[in-house]
Each structure stands twice: as structure tokens, then as C-alpha cells.
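The values are calculated or read from the model by the stated rules, or taken from the named source; none is laboratory data. Quick caveat, the model's predicted, so the values are computed rather than measured. As a convention, Cβ positions derive from the backbone with ideal geometry for all residues, glycine included, and neighbour counts pool all protein chains shown.
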Amino acid sequence: MFSLMLMAVSIHAAGAAPKDTASYELRKNAIYYEIFGNGLGSGSLNYDRIIPFNPRTGLVLRAGISWFENFFPLGEVNILSGNQRHNFEGGVGYTAFPEGSGVFLRTGYRFHGKRGMLIRAAPMYLINRKFFWYGLSLGYSF
């Protein structure tokens, strides 16, 4: 139910017309900490880059590192749709856990503040281990 409500809000936000586009441009780089998410219980530190297709959509490439007794890498590719502040984000991610890999499907909300604040919230599904999960991110976009 939460996922459906989150998707409805994201789709509505994606359809809203951007305000004051002349004075505000989407920041294409971000660094953030994600609790849970692709790093599971230990969380992860991440960098991502938005490659715009047009003013309302783009490709997000993410790389990060998580830790739990050892460090392990993660990556993700998402499609971003919305305006400068409110976006729908959906895609697929991979994490190389020490005991085996994880492949995630993600769909969620991404907020970009005018001063660089980044907030992400997403329900996720870990395909090869067959369970639902979520991730919450807080960081800075530049």
C-alpha cells in the first residue's frame, strides 16, 4: 500500500510544471548516505551523476560502498522523471556482498532542494533473495 501511495505522489510530482526554471537548474552530482537500501543493514556511502535526456527525464548512474566486517561495492542505474525538485526514480541495482551478490529493483521518490539538500525514499525488491526492502537517503547535490 505504501508503495502504491509513493508511486502516486511521485507520478503527480513528475507531471507538475516546474516553477521558476530560469533561476534554478537541477544539480547533476550528488553524495549521500543511504540507510538500509542496497547496502542492507549497514547502509552505504554513494555518489551519483544525472545524465539528462531532456529537462524532465534523465539517467542516474550510482556507485557506492558499504561495509559490514568488510567493504563491498554497489552500483545502480535509474531513470529519473520529474521537475527540478520532485522526481520519480526507478531502476536496478547490484551489490557484491561477501557471501554473494544482490540484485535490487527500486522505485521511489527523489527530492532536490534549492540549496543542495537531497532526500530519497524507495521501496525495493531484492530479486535473487526474494524479499522486499527499503532505502532512505540524505545527502547533498551539487
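Structure summary
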{"read-out": "Subset of segment 107-128 that is free of Cβ contacts under 8 Å to residues at least 60 places away in the same chain and within 12 Å of the chain's Cα centre (by Cα) - its residue that is farthest from GLU25 (Cα to Cα)", "value": "ILE119"}
{"read-out": "Number of positions in segment 115-131 that are outside any strand (DSSP E or B) and touching a Ser or Thr at 6+ places or on another chain (Cβ under 9 Å)", "value": "2"}
{"read-out": "Segment 1-42, subset in a loop (DSSP other than H, G, I, E, B) and either in contact with a helix residue (DSSP H, G or I) (Cβ under 7 Å, 6 or more places away or on another chain) or loosely packed, with under 14 Cβ neighbours inside 10 Å (or both), residue modelled with the highest pLDDT", "value": "GLU25"}
{"read-out": "Whichever residue in segment 86-114 is of a type outside the set (Asp, Glu) and not in a strand (DSSP E or B) and, among such residues, is nearest to VAL60 (Cα to Cα)", "value": "GLY113"}
{"read-out": "Residue in segment 114-122 that is at pLDDT below 95, in contact with a Leu (Cβ under 8 Å, 6 or more places away or on another chain) and surrounded by 13 or more Cβ atoms within 10 Å (Cβ to Cβ) present", "value": "no"}
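Residues checked against (1) in contact with a strand residue (DSSP E or B) (Cβ under 9 Å, 6 or more places away or on another chain); (2) under 18 Å from GLY39 (Cβ atoms); (3) modelled with pLDDT of 95 or more:
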{"position": "ASN87", "(1), (2), (3)": "yes, no, yes"}
{"position": "GLY102", "(1), (2), (3)": "yes, yes, no"}
{"position": "GLY108", "(1), (2), (3)": "yes, yes, yes"}
{"position": "PHE111", "(1), (2), (3)": "yes, no, yes"}
{"position": "PHE131", "(1), (2), (3)": "yes, yes, no"}
{"position": "TYR140", "(1), (2), (3)": "yes, no, yes"}
